[in-house]
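The block underneath contains the structure these notes are about, expressed in structure tokens.
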Amino acid sequence: MSIYEYKAENVYGDEVSLKDYEGKVLVIVNSATKCGFTPQYDDLQALYERFNEQGFDVLEFPCDQFGKQAPGTNEEIASFCDARFGLKFSRFSKVDVNGPDALPLFQYLQKEKGFEGFDPEHPLTPMLESNLERMHPNYKKEADIKWNFTKFLINRDGNVVERFEPTADMDLVREAIERLL
């Protein structure tokens, strides 16, 4: 199995087969426009611009499951991202990434690469860990997505090769992409 078996609705409401991305290196990310990690849009756009001609894309999925930090319609989110970040990579409709209504693609991603912890050096890690421990005492043992801007790195064969939590240094993400390209 690979991500190519899945479909998702793009930001314009069209169903897209992930087979359309066959042969590319991808980062699949759940995003939010009102999050402390929202500046990562700039990092993701920079990665896209740097590596797109080599067969790289970012697939962005807004998600409102973490602190209600992705409010608004698909159109409002896209408009915000266009105006503030000038995003050019592939964007999809708002989805759930956890729970019974999670997009099947995200269920698959979590099954392939579970949670391995936050970067202990990141300044937001203590806040994330405190909130998660209060809400889900066993969160460290569960594969589900913990917060906005969790990134899954996909190789050219459609396989999940790495998971980066939102606290991961974006240089590590860039280096992993370079290895696959």
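The values are calculated or read from the model by the stated rules, or taken from the named source; none is laboratory data. Worth saying up front: this structure is predicted, and the values here are computed from it rather than measured. Glycine gets a Cβ as well: all are built from the backbone with ideal geometry, and neighbour counts include every protein chain shown. Side chains are part of the model used for accessible areas, which takes the heavy atoms of the whole protein and leaves out ligands, DNA and RNA. Shrake-Rupley method; radii C 1.70, N 1.55, O 1.52, S 1.80 Å.
So the values come out like this:
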quantity: Condition met for Asn159 (within 21 Å of Asp20 (Cα to Cα), surrounded by fewer than 15 Cβ atoms within 10 Å (Cβ to Cβ) and in contact (Cβ under 8 Å) with a residue 12 or more places away in the chain); calculated: yes
quantity: Residue within segment 78-87 that is in contact with a Ser or Thr (Cβ under 6 Å, 6 or more places away or on another chain) and either touching a residue at least 40 places away in the same chain (Cβ under 8 Å) or of a type in the set (Lys, Arg) (or both) present; calculated: yes
quantity: Criterion (part of a strand (DSSP E or B) and under 28 Å from Glu53 (Cα atoms)) met by exactly one of Glu75, Glu178, Glu162; calculated: Glu162
quantity: Conditions (1) buried (at least 20 other Cβ atoms within 10 Å of the Cβ); (2) in a loop (DSSP other than H, G, I, E, B): number failed by Phe115; calculated: (1)
quantity: Residue within segment 46-61 that is without any contact (Cβ under 8 Å) to a residue 60 or more places away in the chain, among the hydrophobic types (A, V, I, L, M, F, W, C) and over 12 Å from Arg91 (Cα atoms) present; calculated: yes
quantity: Any hit, segment 66-89, residues being among the polar types (S, T, N, Q), modelled with pLDDT of 85 or more and open to solvent by less than 40 Å² (accessible area, probe 1.4 Å); calculated: no
quantity: Residue pairs meeting the criteria (Cβ under 8 Å; at least 6 apart or on separate chains; first touching a residue at least 24 places away in the same chain (Cβ under 8 Å) and more than 14 Å from Asn159 (Cα to Cα), in segment 6-30; second of a type in the set (A, V, I, L, M) and in a loop (DSSP other than H, G, I, E, B)); calculated: Ala8/Val95; Ala8/Leu103; Asn30/Val95; Asn30/Val97; Asn30/Ile145
quantity: Where Lys94 falls short, out of the listed (1) touching a strand residue (DSSP E or B) at 6+ places or on another chain (Cβ under 8 Å); (2) closer than 15 Å to Thr150 by Cβ; calculated: (2)
quantity: The lone exception for Met127 - which of (1) more than 30 Å from Asp20 (Cα to Cα); (2) open to solvent by 50 Å² or more (accessible area, probe 1.4 Å); (3) assigned to a loop (DSSP other than H, G, I, E, B); (4) of a type outside the set (Ser, Thr, Tyr) it fails; calculated: (3)
quantity: Residue check for Asn10: more than 23 Å from Asn98 (Cβ to Cβ) and not acidic (Asp, Glu); calculated: no
quantity: Extreme residue, least open to solvent (accessible area, probe 1.4 Å), among residues of segment 130-156 that are of a type in the set (Lys, Arg) and in a helix (DSSP H, G or I); calculated: Lys140
